[in-house]
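S.K.: Pasting in a structure now, in structure tokens, and then I'll have a few things to ask.
The values are calculated or read from the model by the stated rules, or taken from the named source; none is laboratory data. Remember, it's a predicted structure, so these values are computed and weren't measured experimentally. Glycine also receives a Cβ, built like all others from the backbone with ideal geometry; neighbour counts cover every protein chain displayed.
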Amino acid sequence: MIFRVLGIGNKRPVFTKEQLEVIKNTTVFSGGKRHLELVKEFLPENYQWIFIKSPMEDLFNQYEKVHSEIIVFASGNPLFYGFSNTLRNKYPKAEIYTEPYFSSIQLLANKTNTNSNKLVAVSVHGRSWKELDIAIMNQKSLIGVLTDNSKNPKSIAERLLDFGYDNYEVSIGEDLEGNQERVQTLSLHEVLQNEYHPLNCLLLHRKEKRTDHFGIKDTEFIGLPGRPKMITKMPIRLTSLHFLDIMNATVFWDIGFCTGSVSIEAKLKNPNLEVIAFEKRLECEEIMLKNQQKYGVPGIEVVMGDFFEQDLEKYKTPDIVFVGGHGGKLFDLLDKLDSVISLGTKIVMNTVQESSLVTFKESCKKVNWELLEEMNIILDSNNPITLLKAIKK
């Protein structure tokens, strides 16, 4: 299969002589309805047009019936979250030639006279918030965002404000190069007051840095009412994250998250980490959200309810696990955990009671986990806390 992907803008394209010659000698073309309107005058009389639309399998079936080169017209730079990448993923052995135009984010940077040397571009178009969350938690100085109808300028501004990132302002490019083009730079609060053309993209400009945290004071977390000591203490928290090796992990399960302190510290140190946090106390859901918002930590997946009643197959398999609570059923919890985790998964727990220490060690033997580390820490006049680390073998 041979594809030639030509990037075009939002206005009548200007093709080179070479491109015009290739178009004249081609029969099969593809693109959206808007692309056809822009290029129709350049196509030969006997052209065949394959519309790019859902379901994609129908589109690919049409492509696979073609035995000649297909010219595809795509918006902007097809190699930037674009159709050339879609084709490469579907047809890794195909010949794909791409001649790009400016991406919408490049156009917006040019129109706002923005120095884009440090530009980090993300897409929430048909995607989760993950890439944007990572970029803002890393406090990138300039973030380009490809949007869609639901993750639009207003919802993006709301998300940043919800998690305390009011240190950004926004340039919005609407219908760039089109008849309704509008470019403006606004505060996040101003963004909420307007409506926008459905074709838009953003530049987030950081005005100043938020305070970075390396170990949040226990008293700074919002805690359970009347139970201020119901939290994994900061030195224990940081040592536990060290035991978990969170900087080299991808998926983290926090079992019994309570205030969310461990999950939040883990995500702050590794924004790429996928965190799934379990808790049965219903009041902890709101406490977790408030602490996330306070420290600018979006993107934690919260699972409420008894851990023993959860269908764990629904969630991404962890490579690290922190056991913050077990409700007096430690062996049963570790046994359930063993049924879903993979070889090499690291498990960390801290204990105060001798019975929990013994149960953890005995459970490791029964489920064939190797105990890797054991450390005793004494904080102030409190009882010694034992940190335990095991790995599934």
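S.K.: Residues being within 22 Å of Arg206 (Cβ to Cβ) and in contact (Cβ under 8 Å) with a residue 12 or more places away in the chain: count how many of those fall in region 175-193.
M.R.: Qualifying residue count for the region: 9.
S.K.: Let me ask you something else. For region 377-393, give me each residue that is out of contact with any Cys (no Cβ under 8 Å at 6 or more places or on another chain) and surrounded by 14 or more Cβ atoms within 10 Å (Cβ to Cβ). Spell out how you get there, then give the answer.
M.R.: Residues of region 377-393 out of contact with any Cys (no Cβ under 8 Å at 6 or more places or on another chain): 377-389, 391-393.
Once the filter is applied, which keeps residues that are out of contact with any Cys (no Cβ under 8 Å at 6 or more places or on another chain) and surrounded by 14 or more Cβ atoms within 10 Å (Cβ to Cβ), region 377-393 yields Ile377, Ile385, Thr386, Leu387, Leu388, Lys389, Ile391, Lys392.
S.K.: Another question, if that's okay. Taking region 297-312 on its own, how many of its residues are assigned to a strand (DSSP E or B) and farther than 16 Å from Ala249 by Cβ?
M.R.: The number of residues fulfilling the criteria is 3.
S.K.: Moving to a separate point now. Applying the selection to region 186-215, what residues are among the β-branched types (Val, Ile, Thr) and either more than 24 Å from the chain's Cα centre (by Cα) or not in a loop (DSSP other than H, G, I, E, B) (or both)? Let's see the steps before the verdict.
M.R.: Filtering region 186-215 for residues among the β-branched types (Val, Ile, Thr) gives 191, 211.
Across region 186-215, the qualifying residue is only Val191.
S.K.: Please enumerate the residues belonging to region 252-295 that are polar (S, T, N, Q), part of a helix (DSSP H, G or I) and within 18 Å of Tyr315 (Cβ to Cβ). Step through it out loud before you land on a result.
M.R.: Taking region 252-295 as the starting set, the residues that turn out to be polar (S, T, N, Q) are 259, 261, 263, 270, 272, 291-293.
If we keep only those that are part of a helix (DSSP H, G or I) as well, we get 261, 263, 291-293.
Within region 252-295, Ser263 is the sole residue that qualifies.
S.K.: Which of (1) buried (at least 19 other Cβ atoms within 10 Å of the Cβ); (2) of a type outside the set (Val, Ile, Thr); (3) touching a helix residue (DSSP H, G or I) at 6+ places or on another chain (Cβ under 6 Å); (4) more than 22 Å from Lys389 (Cβ to Cβ) is the odd one out, the single condition Gly296 does not satisfy?
M.R.: Of the numbered conditions (1) buried (at least 19 other Cβ atoms within 10 Å of the Cβ); (2) of a type outside the set (Val, Ile, Thr); (3) touching a helix residue (DSSP H, G or I) at 6+ places or on another chain (Cβ under 6 Å); (4) more than 22 Å from Lys389 (Cβ to Cβ), the odd one out for Gly296 is (3).
S.K.: Output yes when any residue across region 27-35 is of a type in the set (Gly, Ala, Ser), crowded, with 16+ Cβ neighbours inside 10 Å and either without any contact (Cβ under 8 Å) to a residue 60 or more places away in the chain or assigned by TED's automatic domain parsing to the domain that holds Gln139 (or both), and no when none is. Even if it seems obvious, please write down each step before you answer.
M.R.: Looking only at region 27-35, we keep the residues that are of a type in the set (Gly, Ala, Ser), and these are 30-32.
Keeping just the survivors that are crowded, with 16+ Cβ neighbours inside 10 Å gives 30-31.
When the remaining residues are screened for being either without any contact (Cβ under 8 Å) to a residue 60 or more places away in the chain or assigned by TED's automatic domain parsing to the domain that holds Gln139 (or both), the result is 30-31.
Yes; the residues of region 27-35 include at least one that is of a type in the set (Gly, Ala, Ser), crowded, with 16+ Cβ neighbours inside 10 Å and either without any contact (Cβ under 8 Å) to a residue 60 or more places away in the chain or assigned by TED's automatic domain parsing to the domain that holds Gln139 (or both).
S.K.: Any residue at all in region 244-253 that is of a type in the set (Ser, Thr, Tyr), assigned by TED's automatic domain parsing to the domain that holds Ile276 and modelled with pLDDT of 95 or more? Show your work before the answer.
M.R.: First, pick out the residues of region 244-253 that are of a type in the set (Ser, Thr, Tyr): 250.
Subset that is assigned by TED's automatic domain parsing to the domain that holds Ile276: 250.
Among the residues that remain, those that are also modelled with pLDDT of 95 or more are: 250.
Yes.
S.K.: I would also like to ask the following. Considering only residues that are of a type in the set (D, E, K, R) and in a helix (DSSP H, G or I), which ones fall in region 131-151? Break it down stepwise before answering.
M.R.: Restricting attention to region 131-151, the residues satisfying the condition of being of a type in the set (D, E, K, R) are 131, 133, 140, 148, 151.
Hits for region 131-151 are Glu131, Asp133.
S.K.: Right, here's the next one. Go through region 296-322 and give me each residue that's touching a Leu at 6+ places or on another chain (Cβ under 7 Å) and either within 17 Å of Cys364 (Cβ to Cβ) or without any contact (Cβ under 8 Å) to a residue 40 or more places away in the chain (or both). Quick ask: steps written out before the conclusion?
M.R.: Step one: of region 296-322, the residues touching a Leu at 6+ places or on another chain (Cβ under 7 Å) are 297, 304, 307, 320-322.
Selection gives Met304, Ile320, Val321, Phe322.
S.K.: Another one. Counting only residues that are hydrophobic (A, V, I, L, M, F, W, C) and modelled with pLDDT under 90, which one in region 337-376 is surrounded by the fewest Cβ atoms within 10 Å (Cβ to Cβ)? Reasoning before the result, please.
M.R.: So in region 337-376, the residues hydrophobic (A, V, I, L, M, F, W, C) come out as 337, 340-341, 343, 347-349, 352, 357-358, 360, 364, 367, 369, 371-372, 375.
Right, trim to modelled with pLDDT under 90 and you get 352, 367.
Numbers: Val352: 12, Val367: 18.
Applying the filter and picking the extreme gives Val352.
S.K.: For residues in region 342-393 being touching a residue at least 40 places away in the same chain (Cβ under 8 Å) and charged (D, E, K, R), which is nearest to Lys229 (Cα to Cα)?
M.R.: Lys389
S.K.: Among the residues of region 304-317, what is the count of those that are touching an Asp or Glu at 6+ places or on another chain (Cβ under 9 Å) and within 22 Å of Arg127 (Cβ to Cβ)?
M.R.: The initial filter retains those residues of region 304-317 that are touching an Asp or Glu at 6+ places or on another chain (Cβ under 9 Å), namely 304-305, 307-308, 315-316.
So of that shortlist, the ones also within 22 Å of Arg127 (Cβ to Cβ) come out as 315-316.
Qualifying residue count for the region: 2.
S.K.: What's the total number of residues in region 63-87 that are free of Cβ contacts under 8 Å to residues at least 60 places away in the same chain and either aromatic (Phe, Trp, Tyr) or closer than 27 Å to Arg12 by Cα (or both)?
M.R.: Adding up the residues that qualify gives 4.
S.K.: Which residues, taken from region 232-272, are crowded, with 22+ Cβ neighbours inside 10 Å and under 15 Å from Gly296 (Cβ atoms)?
M.R.: Within region 232-272, Gly260, Ser261, Ser263, Ile264, Glu265, Ala266, Lys267 meet the criteria.
S.K.: Give region 86-130 a look and list any residue that's assigned to a loop (DSSP other than H, G, I, E, B) and among the charged types (D, E, K, R), or say none.
M.R.: The initial filter retains those residues of region 86-130 that are assigned to a loop (DSSP other than H, G, I, E, B), namely 91-94, 100-103, 112-118, 124-129.
Within region 86-130, Lys93, Lys118, Arg127 meet the criteria.
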